[in-house]
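These notes are about the structure you will find just below.
The values are calculated or read from the model by the stated rules, or taken from the named source; none is laboratory data. Bear in mind the structure is a predicted one, so any value in this text is a computation, not a measurement. As a convention, Cβ positions derive from the backbone with ideal geometry for all residues, glycine included, and neighbour counts pool all protein chains shown.
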Amino acid sequence: MSDETHIIIGTGHAGVQLAASLREQGFDGRIVLVGEEPDLPYQRPPLSKGYLTGAVTAEGLLLRGVKFYDDRDIELLLGEPVTAIDRAAKEIELRSGRRLTYDHLTLALGVRNRPLPVPGSELDGVFGVRSLADSNRLKQRMGDAKNIVVIGGGFIGLELAGGAAKLGKKVTVIELAPRVMARAVTSSLSAFFENAHRQRGVEVLTSTEVARLIGENDHVTGVELTSGRTIAADIVLFGIGVLVNSELAEAAGLEVKDGIVVDEYLRTSDPAISAIGDCANHPNVHAGAAIRLESVQNAVDQARCVAARVMGKPVVYADVPWFWSDQSDLKLQMVGLPFGADRTVIRGDREGEDFSIFVFRKGKLIAVESVNRPADHMAVRALMKLGVEVTEAEIDDPQFDLRAFAQARRRAAASA
């Protein structure tokens, strides 16, 4: 057995996947998974949707059961915030004062909610949902609430809105930007989702700014807009972006710029330390720039990439990015990055809420946004992974069978 120790700080998808992948790839040294939350590692995406509505149980949230960690000799240190990294000594220090020595250290620190910067945000009944504790508190309050206001029309905000509406609440979404999900999707998809939520009883207000939250007896009762309108609210939910948990890295002297800066192998400016997941600012071949990606796919694939490098099989991180969002009964799946698009083509039935938007830049397919159309999503994911081009003319042709095309290319690649 090796005497090497790999410490992983962070118990989300990235951290747990790295621990699992290290064992899968033959690492037989010590693995220590350190998390500041006391709960067994769990999935965060369902917190704003399935778990909130009761479709996902607390047990169903778990990334792995206790037996998984025991069987693979993965040490869990839960409820143990890390306060410092001593790079010279190759040690981390816990809040308890305990120090642990590492040979390899990986930072899977994630992100946290950006605070709501308006008067009244400290009132009872104002929630940002990031942790299991947040979601549990919200579930306890949901039953008696009638009016829900969601500040922020990004993925989290719309997922929360959709879930609250399904529970029979009167829901209003307030978005400062001219359209919802503006940073992540095409304008065409934004327009579709705004209309779809309105059809499901949600009031969606774009280009709208909150002036303050109003309360009585320290509990929120309404949201006042800069226009002067006041919207009744028993609960206010907010999702207005995130802040990267990079302070620990910065204090240790690692390079930080919109996240922890890593190279194409996910190494920080200290080669003994890696960073993965939402906190890592990495060179992305699909974006043609250094970016952070907040997705389960990115977290999991980066974890596998680091495990391979630790085991002497380094590969450049170049996985195709993909994402999903469940909003009410609509399943949005995306592959690629739609930045700089100059043309879009729609296939399917937009009115029937079963369609895909194919996004092109200079004639090259760079992304696909699919609503309730998983076959398109899976086909394009496979083609992008294989590096197979799909032309505008093919997508424009209603007789072109995308699924069959992808299957043929997969078979050809497998037999090559």
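Descriptive notes on the structure:
- So Arg381, is it of a type in the set (D, E, K, R) and either surrounded by 15 or more Cβ atoms within 10 Å (Cβ to Cβ) or assigned by TED's automatic domain parsing to the domain that holds Gly162 (or both): yes
- Checking each residue in the range 140-179 for being part of a loop (DSSP other than H, G, I, E, B), within 23 Å of the chain's Cα centre (by Cα) and among the aliphatic types (A, V, I, L, M) picks out Leu176, Ala177.
- Subset tally (residues that are under 20 Å from the mean Cα position of the chain (by Cα), within 20 Å of Leu225 (Cα to Cα) and not β-branched (Val, Ile, Thr)) for the range 180-201: 0
- Some residue of the range 264-275 being part of a strand (DSSP E or B), within 19 Å of Val296 (Cα to Cα) and modelled with pLDDT of 95 or more: yes
So that you can scan it fast, the table gives a plain yes or no per residue for (1) in contact with a Cys (Cβ under 9 Å, 6 or more places away or on another chain); (2) among the basic types (Lys, Arg); (3) surrounded by 19 or more Cβ atoms within 10 Å (Cβ to Cβ):
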{"site": "Asp86", "(1), (2), (3)": "no, no, no"}
{"site": "Ala89", "(1), (2), (3)": "no, no, no"}
{"site": "Arg98", "(1), (2), (3)": "no, yes, no"}
{"site": "Thr101", "(1), (2), (3)": "no, no, no"}
{"site": "Ala108", "(1), (2), (3)": "yes, no, yes"}
{"site": "Pro115", "(1), (2), (3)": "no, no, no"}
{"site": "Pro119", "(1), (2), (3)": "no, no, no"}
{"site": "Glu122", "(1), (2), (3)": "no, no, no"}
{"site": "Ser131", "(1), (2), (3)": "no, no, no"}
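- Leading residue by the ranking (nearest to the chain's Cα centre (by Cα)) among those in the range 366-407 that are among the acidic types (Asp, Glu) and more than 27 Å from Asp329 (Cα to Cα): Glu389
- Being among the basic types (Lys, Arg), at pLDDT below 95 and either more than 30 Å from Asp28 (Cβ to Cβ) or touching a strand residue (DSSP E or B) at 6+ places or on another chain (Cβ under 9 Å) (or both) holds for only one residue in Arg112, Arg72, Arg141, Arg87, and it is Arg141.
- Any chance Gln333 is in the same structural domain as Gln43 (by TED's automatic domain parsing), surrounded by 17 or more Cβ atoms within 10 Å (Cβ to Cβ) and touching a strand residue (DSSP E or B) at 6+ places or on another chain (Cβ under 6 Å): no
- Looking only at the range 1-55, and only at residues there that are modelled with pLDDT under 95 and hydrophobic (A, V, I, L, M, F, W, C), the one that is surrounded by the fewest Cβ atoms within 10 Å (Cβ to Cβ): Met1
- Odd one out for Glu93 among (1) in contact with a Lys or Arg (Cβ under 7 Å, 6 or more places away or on another chain); (2) under 24 Å from Ala308 (Cα atoms); (3) without any contact (Cβ under 8 Å) to a residue 40 or more places away in the chain: (2)
- Test set (1) under 17 Å from the mean Cα position of the chain (by Cα); (2) surrounded by fewer than 24 Cβ atoms within 10 Å (Cβ to Cβ) - Gly277 fails condition number: (2)
- Among the residues examined, Arg410 qualifies as modelled with pLDDT under 95 and either in a helix (DSSP H, G or I) or not assigned by TED's automatic domain parsing to the domain that holds His197 (or both).
- Any strands (runs of 3 or more DSSP E) falling wholly within the range 325-386 and containing at least 3 residues that are of a type outside the set (Val, Ile, Thr) and under 17 Å from Ser187 (Cβ atoms): 330-336, 354-361, 364-371
- Selection status of Leu100, part of a strand (DSSP E or B) and closer than 12 Å to Thr11 by Cβ: no
- Criterion: surrounded by 15 or more Cβ atoms within 10 Å (Cβ to Cβ), closer than 22 Å to Asn298 by Cα and in contact with a helix residue (DSSP H, G or I) (Cβ under 7 Å, 6 or more places away or on another chain) - qualifying residue of Val359, Val368: Val368
- Within the range 232-260, being part of a loop (DSSP other than H, G, I, E, B) and either exposed (fewer than 14 other Cβ atoms within 10 Å of the Cβ) or out of contact with any Leu (no Cβ under 9 Å at 6 or more places or on another chain) (or both) holds for Asp234, Gly241, Ala252, Gly253, Glu255, Lys257, Asp258, Gly259.
- Evaluated against (1) of a type in the set (Gly, Ala, Ser); (2) crowded, with 23+ Cβ neighbours inside 10 Å; (3) out of contact with any strand residue (DSSP E or B) (no Cβ under 8 Å at 6 or more places or on another chain), Gly168 falls short on exactly one condition, (2).
- When the range 181-218 is filtered for residues that are in a strand (DSSP E or B) and β-branched (Val, Ile, Thr), the ones remaining, listed by number, are Val204, Val210, Ile214.
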